[in-house]
Amino acid sequence: MAKIRTIDGVTFALNHILKKINLSKISEDDFQKLIPCLGRLKKSNLKIIEDSLVGHLSFSKVASKYGKSKSAVSAIIKLARKKHLINQLSEDWVCVTVLLPNDQANHVLKISTDSIVQQLNNLDK
């Protein structure tokens, strides 16, 4: 049996979206809207996100300020960007978890991936 979360299909497409959206700088208001999406993160990680995206500090400056590696800071920021974009999806996107046999799971994954790619292509227009 394979477990599929359709939100993972969304995550698959987010890197494509990130290339098209400049989320390297956000306003304080946008950051405040993002906080509920990041509710499970530690306060120190929220501060890292705020310093990087709102304060416009480089990853290396943020990393040295908080005693983290640049790759750790990068991973935290990438998570924030994904959460922000998922939060911006329209209400007709639903996250579900199902258990299916492998062949059916692969079929569902292909259908959802094709649908995501089609919606991304529509965003490009």
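The values are calculated or read from the model by the stated rules, or taken from the named source; none is laboratory data. Values in this document were obtained by computation on a predicted structure and should not be read as measured data. Heads up, the Cβs are rebuilt from the backbone with ideal geometry, glycines too, and the neighbour counts pull from every protein chain shown.
Taking each residue of the stretch 69-91 that is under 16 Å from Val54 (Cα atoms) and at pLDDT 85 or above and looking for partners that are charged (D, E, K, R) and surrounded by 13 or more Cβ atoms within 10 Å (Cβ to Cβ) with beta-carbon atoms closer than 9 Å, six or more apart or interchain, yields Ile76/Lys68. Summed over the stretch 70-80, residues that are in contact with a helix residue (DSSP H, G or I) (Cβ under 6 Å, 6 or more places away or on another chain) and more than 23 Å from Asp30 (Cβ to Cβ) total 1.
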